[in-house]
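Below is one structure; the comments refer to it alone.
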Amino acid sequence: MHPGGFASWYDARVHRHERLEENRRRWDEDREKLRQQMLMYKQKAAYNSDMSSRYQAALTRLRKFDEAGPPPLPPKEQDIRMRLAGGRTGKRAVVCTQLELDGLTYPFDLELWYGDRVAVLGANGTGKSHFLRLLARGGTDPDPAAGPVDGRTLAPVAHDGVVTLGARVRPGHFSQTHDRPDLVDRSLVDILWRGEDHRRGLPRHDAMKALSRYELAGQAEQRFGTLSGGPQARFLVLLLELSGATLLLLDEPTDNLDLASAGALEEGLAAFAGTVVAVTHDRWFARSFDRYVLFRDDGEVLETPEPVWDVR
């Protein structure tokens, strides 16, 4: 537990780990002193019976010290490396003209350019996820060549107006609910190894290396549906990495991620050659974006120069 705010949490965590490491170092030193003392008395007792009692006492001290056990070590730092590549697309990645999501928004215009990092903000139920799903389907009149890179058929989104995707824009969609019935009963290594109609499989060795980069090697033989939220989210990002998407549509991607994973995602997105649109309520994650689109609960959709978190 940290009594301060989130801004000071990371530094407090570093200092705590330093204290744990120092306590463990001192414990190791004290144990080595007791062991050396025990060995000294053992050697002396071999030729001087008067030292036997001291040897037994030293042996007892060492045994009780070991039974008490060492202080805890700091948790192992995760080493997650996300390699989101992307690719060059037309200058205009997304163009929305008088887009109106039925029953959710008033008409609005929006242009997203290649390389934009757009955070979509607003209260729940204002249409943010519907907007991402519409983009993931390829827009108003989807070109089969611009459909979802994972080959899924997403539910239609009732709307008026027009949404078009630019040249060579291939959307990759991350769903907040991790709803992937096609993956539920398959192991992670099997999914990567066998591939799909839309994605070539990896050699098993390469599949294990990819899982290792995402700290998922230990769950390689585990079925996707049995994973907790964090590993599921990391695996879905890995699939996006392998998909060839040039437009990432991320719906609450950090919801189930620990801080190490969220930090790795930020680094991966920074290196991504393409456009990123992310629905988020995560203030820490949103700081790395350069554009902010607010879905207000009165139906208005507008761009703001800074994040807006008070959405009442």
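The values are calculated or read from the model by the stated rules, or taken from the named source; none is laboratory data. Only a predicted model underlies this, so the values are computations on that prediction, with no experimental measurement involved. Cβ sites come from the backbone with ideal geometry, for glycine too, and all protein chains shown count toward neighbours.
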Requested in this report: Hey, can you tell me all the residues within the stretch 176-220 that are surrounded by fewer than 16 Cβ atoms within 10 Å (Cβ to Cβ), in a loop (DSSP other than H, G, I, E, B) and either among the hydroxyl-bearing types (Ser, Thr, Tyr) or touching a residue at least 60 places away in the same chain (Cβ under 8 Å) (or both)?
Outcome: THR177
Report task. Test ASP66 against the stated conditions and say whether it is acidic (Asp, Glu) and more than 17 Å from VAL276 (Cβ to Cβ). Result -> yes
Query raised in the report: Looking at the stretch 129-143, is at least one residue in contact with a strand residue (DSSP E or B) (Cβ under 6 Å, 6 or more places away or on another chain) and either under 22 Å from ASP310 (Cβ atoms) or outside the structural domain of LEU248 (by TED's automatic domain parsing) (or both)?
Result: yes
Query - Subset tally (residues that are buried (at least 18 other Cβ atoms within 10 Å of the Cβ) and touching a Leu at 6+ places or on another chain (Cβ under 6 Å)) for the stretch 139-162 - result: 4
Query - Residue within the stretch 268-278 that is of a type in the set (Ser, Thr, Tyr), in the same structural domain as GLU100 (by TED's automatic domain parsing), assigned to a strand (DSSP E or B) and touching an Asp or Glu at 6+ places or on another chain (Cβ under 8 Å) present - result: yes
Requested in this report: Report, by residue number, each residue of the stretch 279-312 that is of a type in the set (Val, Ile, Thr), out of contact with any Gly (no Cβ under 7 Å at 6 or more places or on another chain) and surrounded by fewer than 17 Cβ atoms within 10 Å (Cβ to Cβ).
Outcome: THR304, VAL308
Query raised in the report: Given the structure, is THR60 hydroxyl-bearing (Ser, Thr, Tyr) and either within 30 Å of PHE272 (Cβ to Cβ) or modelled with pLDDT under 90 (or both)?
Result: no
Query raised in the report: Assuming LEU249 fulfils every condition listed in (1) surrounded by fewer than 21 Cβ atoms within 10 Å (Cβ to Cβ); (2) more than 9 Å from the chain's Cα centre (by Cα) apart from one, which condition is it?
Result: (1)
Requested in this report: Working only within the stretch 121-175, note down all residues that are within 29 Å of GLY225 (Cα to Cα), without any contact (Cβ under 8 Å) to a residue 60 or more places away in the chain and among the β-branched types (Val, Ile, Thr).
Outcome: THR153, VAL157
Report task. Quick one: which residue in ARG25, ARG54, ARG16 is in contact (Cβ under 8 Å) with a residue 24 or more places away in the chain and either part of a helix (DSSP H, G or I) or closer than 21 Å to ALA260 by Cα (or both)? Result -> ARG16
Query raised in the report: Can you spot a residue in the stretch 157-170 that is under 26 Å from the mean Cα position of the chain (by Cα) and among the small types (Gly, Ala, Ser)?
Result: no
